[in-house]
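Everything on this sheet refers to the single structure shown next.
The values are calculated or read from the model by the stated rules, or taken from the named source; none is laboratory data. In this text the structure is predicted, and so the values were computed from the model without any measurement. Note: ideal-geometry Cβ built from the backbone for every residue, glycine included; neighbour counts use all protein chains shown. We work out accessible area using only protein heavy atoms, side chains counted, and drop any ligands, DNA or RNA first. Shrake-Rupley method; radii C 1.70, N 1.55, O 1.52, S 1.80 Å.
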Amino acid sequence: FHQARQENYASIDEKATLLAQNMHQELTAQERLEIKDELDGLLQQHADIARIDYFESPDKVQLAARLERLRQTLLTQTRLPVEIPHAGIEAYRDKRWVTRPRPYVDRLACAWLIRRYVNPEANIRYGATPAPDEIAFDMPNTEFSHRGDLCTFEVMLQILDLDDPVLQTVAEIIHEIDLGDGMYPRTEASGVGAVLRGWQLDELPDSEMEARGITLFEGLYVALAGHAL
């Protein structure tokens, strides 16, 4: 059984070797897109084989690690350079916050992050224009907003200097739902996105969206943290 799976994994590994040889800094945007599509295909093939690898072939983990390294290399080459200051949590502990009404994934995730790490009793208002004493997030031309190809949640993680690897995984899910650029093919994104779209179609008030969003993202974080153990 291991031999059969080994042959399956070896076939993918050969393709990964060819792909790695074609990955270099001088790639055009079209070439990067083609490589990304091919890498996504290899990841899917690996997942398909892993589902029938009932006895956990040693090659499964080794190949998964190699494909992940290729994915990270491609992401590093693709990402737009952007400078973000690291201010830390204490600089925002007693601040008042504001964001746009009808919050969706990025704003709801940021609200969860603020209440979990900065201040559980934080004042978060939903409005079109920030007051002079408010810190705006996910609003145009503000400190906490999209930068380069980063969503607001990713920017907030860096400014608050939060380097928890589980938060990074959450950030990848948020990025995929919010931007849909295929940079992070996280399987959780479709489910989380479907739930959020359902709430929006239900036309829930902003306060209810926030309350539900905090529960959702707290559950997602705990689940991912447990999986990482």
For this session: Those residues that are assigned to a helix (DSSP H, G or I) and polar (S, T, N, Q), I need them from segment 1-42; list them, please.
Result: Gln3, Gln6, Asn8, Ser11, Thr17, Gln21, Gln30
Exercise. Within segment 94-141, can you find the residues that are in a strand (DSSP E or B) and open to solvent by less than 50 Å² (accessible area, probe 1.4 Å)?
Worked result: Trp97, Val98, Thr99, Ile124, Tyr126, Glu134, Ile135, Ala136, Phe137
Problem set entry | Sole exception among (1) closer than 25 Å to Tyr117 by Cα; (2) surrounded by fewer than 16 Cβ atoms within 10 Å (Cβ to Cβ) for Ser190, by number | (1)
For this session: Please tell me if Asp206 is under 18 Å from the mean Cα position of the chain (by Cα), surrounded by 16 or more Cβ atoms within 10 Å (Cβ to Cβ), among the charged types (D, E, K, R) and farther than 27 Å from Glu68 by Cα.
Result: no
Exercise. When the residues of segment 217-229 are filtered to those that are in contact (Cβ under 8 Å) with a residue 60 or more places away in the chain and open to solvent by 40 Å² or more (accessible area, probe 1.4 Å), which remaining residue is farthest from Ile173 (Cα to Cα)?
Worked result: Ala228
Problem set entry | Single residue of segment 142-170 satisfying the filter (charged (D, E, K, R) and not in a helix (DSSP H, G or I)) that is nearest to Ser207 (Cα to Cα) | Glu143
Exercise. Of these, Lys60, Lys15, which one is open to solvent by less than 70 Å² (accessible area, probe 1.4 Å), on the phi < 0 side of the Ramachandran plot and of a type in the set (Lys, Arg)?
Worked result: Lys60
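Quick test for you: out of Gln3, Gln45, Gln72, pick the one residue that is of a type in the set (S, T, N, Q) and more than 25 Å from Thr169 (Cβ to Cβ). Can you show your working first?
Details: Gln45 fails: more than 25 Å from Thr169 (Cβ to Cβ); Gln72 fails: more than 25 Å from Thr169 (Cβ to Cβ).
Gln3 is the lone residue from the list that is of a type in the set (S, T, N, Q) and more than 25 Å from Thr169 (Cβ to Cβ).
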Exercise. Can you tell me which residue in segment 147-183 is surrounded by the fewest Cβ atoms within 10 Å (Cβ to Cβ), limited to those that are in contact with a Leu (Cβ under 8 Å, 6 or more places away or on another chain) and under 21 Å from Ile35 (Cα atoms)?
Worked result: Asp149
